[in-house]
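Each reported figure results from applying straightforward, stated rules to the coordinates on display, with no laboratory input. This is a predicted model, so every value here is computed, not measured. Note that we place each Cβ from the backbone using ideal geometry, even for glycine, and neighbour counts take in every protein chain shown.
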Amino acid sequence: MHRLLWLLLLPATAQAQLPFQLLVTPVTGLTLPGLHSYAKAQHDHYWLLTGGRTDGLHSMFPNSAFPFEEQNHHFVVIDTQTWTYYSSPLHHLPEVQRFSLATTNQQFVQDGNKLYVVGGYGFDSVGNVKKTFPVLNVITVDSLIAEVVSGGTNTAAYVRHVTDTFFAVTGGRLEKLDSVFLLIGGQYFAGQYTKLSSELFTQRYTNAVCRFQLDENENGITLKNVFCTTDSVLLHRRDLNSCGWMTDDGQQAVAAYGGVFRYDADLPYQWPIYVRTDSLWVDTAFEQQFSQYTCPVFCLYDSLTGNRYTVFLAGISLYDYDELSESKLLDTFVPFINDGSVLIHHADGSTEELVIGGLFPERGLANAEFFANPQVSRFANGVIRLHELNEPTLLGYAFGGINATAGNFGFTYASNTVWRIWLIPGSYSAAGGLTGPTHVFVAGDELWVILPPNQQTLVALYDLHGRRIMQRMAIGERLNLGLKSLPSGIYVLRLEGSGGSQAYRIARMH
């Protein structure tokens, strides 16, 4: 089955300074549930999801914000080979696990075969209230996936938990370096969410980055070695982004970006935070313009140049990009966007931001997550080894999130779209042309040929009987040679230029 219908290239504004090109392609024909603000883990070709919500952006009114019926009350397992899914209701779990794992905006991190899920905001049957749960759940990923896929109901056998007020956090980020967990930002929130009256809720930002460790044995889970760095100005953040990062000297660390809300206005923070197990620092010399709310994020590291590239996929942003005027637009309503962006952390310590205008055909991916391709080489903290990518590579996927029909004040909904995220290596000139080798990229019904600039190339496609199907003369172009009308079979793509010729064998299968 061919699932590819959409393919978008980075515009030349970003290509001028990037050593790679990104392609995004949707997996089509899916019947997955729409979901956002979930916790996730991966094992082989399966994804495990828990928590999150099935509605759109939350209401600002107390009687309609975060309704219980729109919480995700199931473990969801997605098979990425068939794009089918399995689910198991959380009511098979003990009550504290059942309600805490159905919350939204949990902090989570996967370490090997364990998924650690902290806190989250949602409904609690005790007292009939909405609150932030003081619970850490630890899930054995492969066993729980197997239980859900088999249709079994003994999911409780693969979930353990511990209760401590330290874990009563929502909207932060959880990362892990070596044996140390990093709980970054977030808040405690209890009561009805509303903009109308603060008397209906209790809210406390953590204003902190907390490091902690766990003792895990057959008798239970014990919290230990808690150490928090607190700053009520620089660390006053929730609903932020984070990913693995590499320091200037090549050491593994974590970066945190964006987050809300500033004291002086309902606007996001723009200064990145860099965290190690023994220190942290905030880069107040740089202000991030795009994608400050939670969205799919990943980092690539080129050990040859020392440059790091943090990629953000749409979401909610202080700036929007206008493709007609090719300009960045400040929008204090903080809209949903369809742009991507890349922060380039140069080896000399400076940072710059490139926008990928119109990367997606629709606005959204807020509170979606990035799912790494396990075949791509990464460091222990998840950073992709860019210098090892010498050919077009599927980096991973982005799933779900909140989509919107307009940047501001549009209809919002939980998306069920899966986006493939591809990388094509190569260096790009100031005009955006590829100066590296020719790339031929086959994806479903699309055959893309990316040619070096300023070189005249004859592009021709033949069948195995030597009959020419098509022919075109091109100079430094990106050609989309559609395969949809061709019958199944083997074809030969031939490229001829002044420096010689290249031939590629293309398989077309219905």
### Query
Hey, can you rank 150-160, 169-179 by average C-beta count inside 10 Å, highest first?
169-179, 150-160
### Query
Between region 220-294 and region 187-215, how many Å separate their Cα centres?
17 Å
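Ordered by packing density, taken as the mean number of other Cβ atoms within 10 Å over each peptide's residues, highest first, how do 334-346, 84-96, 250-262, 64-76 rank? Kindly include the intermediate steps, with their values, before the conclusion.
Values: 334-346: 23.2, 84-96: 16.0, 250-262: 21.2, 64-76: 18.2.
Top of the packing list down: 334-346, 250-262, 64-76, 84-96.
Counting helices only, and only those DSSP H runs with n ≥ 4, report the 222 nm mean residue ellipticity of the chain as the sum of -39,500 (n - 2.57) divided by its residues, in deg cm²/dmol to the nearest 500.
Values: 3 runs with 20 residues, N = 510.
Computed ellipticity for the chain at 222 nm equals -1000 deg cm²/dmol.
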### Packing-based order for 214-226, 189-201, using average beta carbon neighbours within 10 Å, highest first
189-201, 214-226
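Over the Cα atoms of region 70-125, compute the convex hull volume and normalise it per residue, giving Å³. Walk me through the intermediate numbers first.
Numbers: hull volume 6.0 nm³, N = 56.
Residue-normalised Cα hull volume stands at 108 Å³.
Contour minus end-to-end for Ser150 and His387, with contour as 0.36 nm per residue of separation and end-to-end as the Cα-Cα distance?
Details: separation 237, 0.36 × 237 = 85.32 nm, distance 4.01 nm.
Roughly 81.3 nm would be gained on extension.
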### Message
Above 34 Å lies some portion of the pair distances; for the chain, what is it as a whole percent of all C-alpha pairs?
### Response
37 percent
### Query
R0 = 51 Å: FRET efficiency of Val96 with Ala406, Cβ-based, nearest 0.05?
0.80
### Query
Where the eigenvalues come from the Cα gyration tensor of region 21-124, what are the semi-axes √(5λ) of the equivalent ellipsoid, largest first, in whole Å?
24, 18, 14
### Message
Please enumerate, by chain and number, the lysines with C-alpha under 23 Å from the C-alpha of Lys130, excluding those fewer than 8 residues away in the same chain.
### Response
Lys40, Lys195
